[in-house]
Number of protein chains: 4
Amino acid sequence: MFDVTRYATAAQAIVDAGRFLYDRGWSPATSSNYSARLDPDHIAITVSGRHKGRLSTNDVMVVDLNGNPVQSDAKSSAETLLHTVLYQIYPDVGAVLHTHSVKATVLSRLIEAGAPFEVEGYELQKAFPGVDSHDGRLRIPVFENTQDIPALAERTREWFQHHPEQPGYLIRGHGLYTWGETMEDCLRHVEAFEFLFECELETMRVCR
Amino acid sequence: MFDVTRYATAAQAIVDAGRFLYDRGWSPATSSNYSARLDPDHIAITVSGRHKGRLSTNDVMVVDLNGNPVQSDAKSSAETLLHTVLYQIYPDVGAVLHTHSVKATVLSRLIEAGAPFEVEGYELQKAFPGVDSHDGRLRIPVFENTQDIPALAERTREWFQHHPEQPGYLIRGHGLYTWGETMEDCLRHVEAFEFLFECELETMRVCR
Amino acid sequence: MFDVTRYATAAQAIVDAGRFLYDRGWSPATSSNYSARLDPDHIAITVSGRHKGRLSTNDVMVVDLNGNPVQSDAKSSAETLLHTVLYQIYPDVGAVLHTHSVKATVLSRLIEAGAPFEVEGYELQKAFPGVDSHDGRLRIPVFENTQDIPALAERTREWFQHHPEQPGYLIRGHGLYTWGETMEDCLRHVEAFEFLFECELETMRVCR
Amino acid sequence: MFDVTRYATAAQAIVDAGRFLYDRGWSPATSSNYSARLDPDHIAITVSGRHKGRLSTNDVMVVDLNGNPVQSDAKSSAETLLHTVLYQIYPDVGAVLHTHSVKATVLSRLIEAGAPFEVEGYELQKAFPGVDSHDGRLRIPVFENTQDIPALAERTREWFQHHPEQPGYLIRGHGLYTWGETMEDCLRHVEAFEFLFECELETMRVCR
């Protein structure tokens with residue numbers, strides 16, 4: 001059982017996040033999925049295949065941390081397990097956003113297999129938790145895309161068990177996953193990642 | 001004879017689509033034309049030369065599948081026959097959108113004569129009907145531009161008779177045609193194509 | 001003497017054009033100036049130095065075709081004579097817009113001295129008057145920038161006397177002038193030029 | 001003591017500036033900080049870490065020109081001293097804006113250590129005070145980024161004592177500082193700088 005008022009609050013936060021992310025062009029063509037934690041065992045998550053710029057609370061359902069629907073006949077996002085793994089591993093995580101921008105897609109295809117996305121020297125790295133200087137290196141992994149979501153969920157679980165301090169990851173040709181203690185933190189991380197992706201691509205455009 | 005309520009609904013869908021597509025910059029300077037099916041023999045379609053971001057239902061008329069006006073003295077889009085061919089070939093098609101973005105225009109001029117636009121490995125290919133994996137190849141033809149629309153309509157008819165499973169095509173220096181069972185499907189296809197065009201151009205910008 | 005109702009209508013058209021052009025990023029930082037004809041001897045034109053996205057009718061004054069203020073103590077745009085020359089040469093011109101976009105600025109600096117801006121094969125060339133096919137060449141001149149506006153006005157006058165069929169020109173590092181029979185026509189020309197500038201720059205980005 | 005009505009006016013100007021700058025993408029992810037002068041000894045400045053697109057007057061506090069809070073328990077922006085130095089050096093400055101755009105960030109990283117950002121031949125250079133022709137050269141310094149803000153504040157103080165006529169500066173990987181007699185002037189300078197940054201980057205994209 002979950003608290004219904006927490007569900008309503010989480011659903012509204014997801015609806016609002018969708019409008020913002022869609023308007024920025026980061027969740028086109030019914031791509032992307034979003035979630036927010038209700039309690040240690042339940043999350044609210046977007047129903048599969050909905051237009052992210054026009055979500056209503058009807059487009060947000062509840063699943064447990066195994067990805068099973070709770071009090072709902074709807075089908076949750078095909079990538080639900082990528083969300084639940086993060087809530088299992090990180091007890092403080094309150095929101096997870098998967099976005100699907102042009103920049104994340106292009107960059108994730110340009111990075112060679114097995115290599116991470118890396119940046120350094122950007123003041124905006126301070127937007128991520130635990131970073132208090134531009135003077136370090138931010139590294140996030142790039143996973144190969146697959147339609148086998150349970151397998152990918154396990155790969156991310158293993159990776160994060162060995163790399164606990166990570167604010168996000170990319171899936172090749174598929175986009176960004178990032179998370180935070182609150183939806184507001186999580187949205188700040190999306191903005192910071194998109195900023196860094198755009199900076200890196202702009203640099204590549206003028207520097208080859 | 002056609003059902004007038006269906007006309008009103010289709011006209012409003014076209015008006016709303018125009019506002020969206022114009023605001024994205026995909027239908028500038030009175031370019032583009034849009035249509036929606038009313039029944040097996042009639043479509044609603046934009047009147048020639050109107051501003052696509054400020055359409056009213058006055059800017060939408062009815063034509064039969066030969067492109068002849070029905071109950072109207074207005075002149076339909078110069079490219080009406082490119083629409084009617086699609087409704088003739090594909091009985092399930094309910095909406096056709098022709099857009100005219102910078103990205104579609106530039107890409108269509110860069111592709112060599114006779115070659116298609118091709119992409120593979122993008123998760124967003126799943127936005128198109130019948131595609132359930134990133135792991136295939138999307139190919140759409142690029143037709144040479146001409147002011148002889150009946151001739152171009154016949155070329156597209158022949159092509160689609162031999163390539164029935166296609167979500168769209170480009171005309172060189174002229175833009176995109178795409179279609180769907182509903183206007184919502186069709187708008188999703190426009191967004192997905194524009195996403196893929198932008199990804200391909202961004203990759204070319206940084207990888208030459 | 002001029003008709004005050006025509007003034008009010010023209011001033012509102014200028015205010016609305018300013019909001020549109022500023023929102024597109026084509027008139028930043030109080031750059032640009034706009035005008036509309038009232039009668040054979042008078043035009044409404046923007047007052048010098050105003051924010052183009054927040055014009056009110058207070059920011060629009062009347063000048064005669066020599067550029068002298070009529071019933072106003074305000075100072076008209078420093079480039080007023082570039083407008084009045086066009087109204088003198090072209091009796092059918094009802095509106096003139098000077099915009100100052102990044103694309104127009106960059107392209108105008110890349111074209112070599114004495115050469116025009118040229119495009120061909122774009123369907124959108126049909127947005128200009130008298131063009132009914134993509135299959136021609138659009139050529140517009142690029143004038144060297146100067147702070148001596150009377151001298152530049154005379155250079156444009158001479159040029160247009162020998163090249164009567166022109167929809168616009170560029171000033172190097174300074175932007176676009178275009179005109180039309182109505183403000184709506186003129187705005188369509190701005191959109192078409194910006195589309196073509198963006199197409200040409202995008203092509204240069206990926207094709208060097 | 002400061003005049004509370006001046007505070008309220010300054011705070012509202014800062015709130016409005018934030019909405020504009022955030023919407024343009026120039027203050028993402030809680031980056032940036034803004035201030036406005038109340039009197040010779042006090043400024044209003046943004047509280048540390050707030051979302052710049054959703055500021056309210058609750059997010060604006062008062063500090064003296066040594067950066068100490070006045071009638072407030074809040075913590076002002078970590079970069080407060082970079083603001084107060086400018087108000088100390090320039091008695092006519094009424095507003096200071098620090099923005100954090102992709103273009104400013106990328107350009108500031110591309111310029112070699114010790115070299116300034118320089119442009120010439122742009123009509124828009126006239127947006128800056130004392131510039132009445134495109135025919136000069138605009139030079140602004142690029143300071144190395146640091147988390148030691150007092151030290152950076154002293155470096156900027158020394159630099160401006162020897163270069164009094166400057167409309168702004170960059171911090172490498174960190175963004176733009178610019179100022180003006182009024183908030184409106186200051187916003188015009190941000191727009192002009194962003195225009196010039198975009199022009200220079202666009203030129204680099206197509207000209208390497």
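Over the range D:108-208, consider all pairs of different Cα atoms and compute the Kirkwood hydrodynamic radius from their mean reciprocal separation; express it in Å, one decimal. Write out the running numbers ahead of the final one.
Values: mean 1/r = 0.0693 Å⁻¹.
Taking the inverse mean of 1/r over all distinct Cα pairs, the range D:108-208 comes out at 14.4 Å.
Compare D:127, D:104, D:95 in a GNM of chain D, Cα atoms joined below 10 Å, and give the one with the largest fluctuation.
Highest fluctuation among the options: D:127.
Suppose you put the label 7 Å out from Cα in the Cβ direction; list, shortest first and in nm with one decimal, how far residue A:41 is from each other copy's label.
Going from nearest to farthest copy, the values are 6.3, 6.3, 8.8 nm.
Check cross-link reach from residue C:75 to the lysines: straight Cα distance under 20 Å, and skip same-chain residues fewer than eight apart.
C:52, D:126
Relative contact order of chain A, please, whole-number percent, based on alpha carbon pairs below 8 angstrom and at least 6 residues apart.
Result for chain A is 20 percent.
What does the convex hull of the Cα atoms come to per residue for the range B:131-188, in Å³?
Working: hull volume 6.5 nm³, N = 58.
With only Cα atoms used, the range B:131-188 gives 113 Å³ per residue.
With respect to the axis carrying A onto B, what is the closest chain A residue by Cβ position, and how many angstrom separate it from the axis?
A:205, 4
Can you give the three extents of the C-alpha atoms in the range B:1-76 along their principal axes, from longest to shortest, in whole Å?
Cα spread of the range B:1-76 along its principal axes, largest to smallest: 35, 21, 18 Å.
What are the trypsin sites (Lys or Arg not before Pro) within the range A:36-84 that DSSP puts in a loop, where the Cβ has at most 12 other Cβ atoms within 10 Å? List each step's numbers first, then the result.
Working: sites: A:37, A:50, A:52, A:54, A:75; in loops: A:50, A:75.
Answer in residue order: A:75.
Assign unit charges at the C-beta atoms only (+1 for Lys and Arg, -1 for Asp and Glu), then state the dipole size of chain A relative to its Cα centre in Debye, rounded to the nearest 20. Mind showing how you got there, number by number?
Numbers: 19 positive and 29 negative charges, 135 e Å.
That gives a dipole near 640 debye.
Distances from residue A:69 to the same residue in each other copy, label points 7 Å out along Cα→Cβ, in nm, shortest first?
5.0, 5.0, 7.1
Within 13 Å, Cβ to Cβ, of residue B:111, how many net charges do the neighbouring residues add up to if Lys/Arg are +1 and Asp/Glu are -1?
Working: positive: B:103, B:109, B:139, B:172; negative: B:112, B:118, B:144, B:200.
Net charge around residue B:111: 0.
Which values, in whole Å and largest first, are the semi-axes of the equivalent ellipsoid of the range C:168-208 obtained as the square root of 5 times each eigenvalue of the Cα gyration tensor?
24, 12, 5
Quick one: work out Rg over Rh on the C-alpha atoms of the protein assembly as shown, Rh as Kirkwood radius. Can you show the working numbers first?
Numbers: Rg = 28.1 Å, Rh = 28.9 Å.
Reported Rg/Rh (Cα atoms, Kirkwood Rh): 0.97.
With point charges of +1 on the Cβ of Lys and Arg and -1 on the Cβ of Asp and Glu, referenced to the Cα centre of the range A:4-206, which listed residue (A:22, A:34, A:9) lies farthest in the positive direction of the dipole?
Of A:22, A:34, A:9, it is A:22.
Given the -39500 (n - 2.57) contribution per DSSP H run of 4+ residues, what per-residue ellipticity at 222 nm results for chain A, rounded to the nearest 500 deg cm²/dmol? Each step should come with its number before you reach the end.
On the way: 5 runs with 78 residues, N = 208.
That calculation yields -12500 deg cm²/dmol at 222 nm.
Distances longer than 20 Å among the Cα atoms of chain D: what percent of all pairs is that? Intermediate values should be presented prior to the final figure.
Working: 11692 of 21528 pairs.
Value for chain D: 54 percent of Cα pairs lie more than 20 Å apart.
Determine the shape class of the range D:1-43: with a ≥ b ≥ c the square roots of the Cα gyration tensor eigenvalues, call it rounded for a/c under 1.5, and otherwise prolate if a/b is greater than b/c, oblate otherwise.
Details: a/c = 3.84, a/b = 2.36, b/c = 1.63.
Prolate.
Taken together, the values in this text are just the output of simple stated rules run on the coordinates, not laboratory data. These numbers were taken from a predicted model, which means no experiment stands behind them. Heads up, the Cβs are rebuilt from the backbone with ideal geometry, glycines too, and the neighbour counts pull from every protein chain shown.
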